[in-house]
Amino acid sequence: MVTRVDRIKSVDILNDTPRISFADVSDYKISFDSADYVNKHFNMFAGEPQTVELVCDNSIIENILDRFGDGISIRKHNDDKFKISVDIAVNDGLVSWIMQFGKSIEVKSPPELKKLLLDRVEDINSVYRI
């Protein structure tokens, strides 16, 4: 079971001296960057960020910019679609976010994310099968 960071109910602050430095265990070398962390972790689900490639309908460009910011690289895929590559955590939060757009987003990679989406679709299909 994956625990969301925002659901932690009890935290103990230790006064121990760290045995290893912050930079040795984190991508953040000097200090924790909460804005960067939030951009990479959907709905506070944990997960290791990896490169995700998406092909999206032009109609959802505003949603993509709202989520990833206007600093992302957007490339034309064809007249109706664009392609982005972003480093984000692959987790249930990302799966839910992608699913809300239906066929307006196609995951090109990684295969692990495609599998998570397919599993979710199959679970939903099993409930609503006619």
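The values are calculated or read from the model by the stated rules, or taken from the named source; none is laboratory data. Just so we're clear, the structure is a prediction, and the values are computed from it rather than from any experiment. Because the Cβ atoms are built from the backbone with ideal geometry, glycine has one as well, and the counts that use them run over all protein chains shown. We work out accessible area using only protein heavy atoms, side chains counted, and drop any ligands, DNA or RNA first. Shrake-Rupley method; radii C 1.70, N 1.55, O 1.52, S 1.80 Å.
From the list Asp79, Asp87, which residue is farther than 13 Å from Val52 by Cα and open to solvent by 50 Å² or more (accessible area, probe 1.4 Å)?
Of the residues listed, the single one that is farther than 13 Å from Val52 by Cα and open to solvent by 50 Å² or more (accessible area, probe 1.4 Å) is Asp79.
Among what's in the stretch 89-120 and is in a helix (DSSP H, G or I) and among the aliphatic types (A, V, I, L, M), pick the residue that is nearest to the chain's Cα centre (by Cα).
So the residue we want is Leu94.
Write out, first by first residue and then by second, each pair whose Cβ atoms fall under 6 Å of each other, whose residues are 6+ apart or on separate chains, and whose first residue, in the stretch 51-69, is more than 10 Å from Lys83 (Cα to Cα) while the second is open to solvent by 50 Å² or more (accessible area, probe 1.4 Å) and outside any loop (DSSP other than H, G, I, E, B).
Thr51/Asp87
Being modelled with pLDDT under 90, assigned to a loop (DSSP other than H, G, I, E, B) and farther than 16 Å from Leu117 by Cβ: is that true of Ile72 here?
Judged against the criteria, Ile72 is not a match.
Any idea which of (1) without any contact (Cβ under 8 Å) to a residue 24 or more places away in the chain; (2) open to solvent by 80 Å² or more (accessible area, probe 1.4 Å) is the one Val121 doesn't satisfy?
With (1) without any contact (Cβ under 8 Å) to a residue 24 or more places away in the chain; (2) open to solvent by 80 Å² or more (accessible area, probe 1.4 Å) applied to Val121, the lone miss is (2).
Between residues in the stretch 96-116 that are within 14 Å of Ile64 (Cβ to Cβ) and residues that are open to solvent by 20 Å² or more (accessible area, probe 1.4 Å), which pairs lie under 6 Å by C-beta distance while being six or more apart or on different chains?
Once the first residue is within 14 Å of Ile64 (Cβ to Cβ) and sits in the stretch 96-116, its partners that are open to solvent by 20 Å² or more (accessible area, probe 1.4 Å) give Ser104/Asp57; Val107/Lys114.
Without any contact (Cβ under 8 Å) to a residue 40 or more places away in the chain, assigned to a helix (DSSP H, G or I) and of a type outside the set (Val, Ile, Thr), is that true of Asp79?
No: the conditions fail for Asp79.
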